[in-house]
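Inspection log for the structure reproduced underneath, given as structure tokens.
The values are calculated or read from the model by the stated rules, or taken from the named source; none is laboratory data. Just so it is clear, the model here is predicted, and its values are computed rather than measured. Note: ideal-geometry Cβ built from the backbone for every residue, glycine included; neighbour counts use all protein chains shown. SASA here: full protein model, heavy atoms, side chains in, ligands and nucleic acids out. Shrake-Rupley method; radii C 1.70, N 1.55, O 1.52, S 1.80 Å.
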Amino acid sequence: AAVRKVVQRWRSKRATRKRRSPVFRAKVMGQDIKAVVDEGSEVNVVDEKVVLRGNVKVDPVTNTQATAAGSNPLLVVGQCHDDLVLDVEVEGTRIPVNLGHAVVVRGLGTDLLVGEPGKHDNKIHTIPEHKLIEFHYQGHQYTLNYHTEANPDYEVGRVQETSTVQPGENMKVALQHF
């Protein structure tokens with residue numbers, strides 16, 4: 001059994017390695033979205049559903065297709081008429097991330113892709129070995145962990161008193177923002 005595990009580990013090193021792209025939470029037109037930092041994208045792209053829900057004006061195009069990674073076809077609907085600006089909260093600071101006239105695609109598979117233009121224009125850097133995203137804004141550096149579903153948005157606090165909650169009972173706890 002031990003030898004089998006060693007062989008499996010050795011074989012896995014020869015397999016194609018995959019890692020999820022960096023993701024951060026943001027708001028656009030008041031709605032919560034997940035923004036994927038796409039190191040290989042030459043443009044900023046937003047899913048059509050996001051712009052429809054946010055009543056974002058789109059300049060339409062007809063019969064235009066683009067190609068995603070893996071040569072998958074994408075239907076380009078148009079581009080945002082005005083600059084698409086994300087609102088990102090990092091370390092208690094709201095940072096605007098301006099993606100310009102982002103390309104609008106039907107069925108993107110994610111809410112939004114921040115491509116190389118968005119990274120460059122907004123001074124966004126990724127540090128994959130630590131799963132961090134850095135935002136450089138107004139002379140300061142702000143850092144976020146990659147967002148994952150397994151790592152939901154929550155904070156840990158310390159409770160100053162002890163209480164026992166029995167099955168079927170409820171408890172309300174007043175929290176101050178820390």
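Take the range 33-57 and flag every residue that is over 18 Å from residue 118 (Cβ atoms) and not in a helix (DSSP H, G or I). Of everything in the range 33-57, those that are over 18 Å from residue 118 (Cβ atoms) and not in a helix (DSSP H, G or I) turn out to be 55, 57.
Considering each of 143, 62, 148 in turn, give the residue that is within 30 Å of residue 18 (Cβ to Cβ), surrounded by fewer than 18 Cβ atoms within 10 Å (Cβ to Cβ) and modelled with pLDDT under 95. Steps first, please.
Details: 143 fails: modelled with pLDDT under 95; 62 fails: within 30 Å of residue 18 (Cβ to Cβ).
It is 148.
Screening residue 129 against (1) touching a Leu at 6+ places or on another chain (Cβ under 6 Å); (2) more than 29 Å from residue 74 (Cα to Cα) leaves a single unmet condition, (1).
Residues in the range 37-59 that are open to solvent by 20 Å² or more (accessible area, probe 1.4 Å) and either under 23 Å from residue 131 (Cα atoms) or of a type in the set (Phe, Trp, Tyr) (or both): 38, 39, 40, 42, 43. Only residues that are over 13 Å from the mean Cα position of the chain (by Cα) and outside any loop (DSSP other than H, G, I, E, B) were counted in the range 93-117, giving 11.
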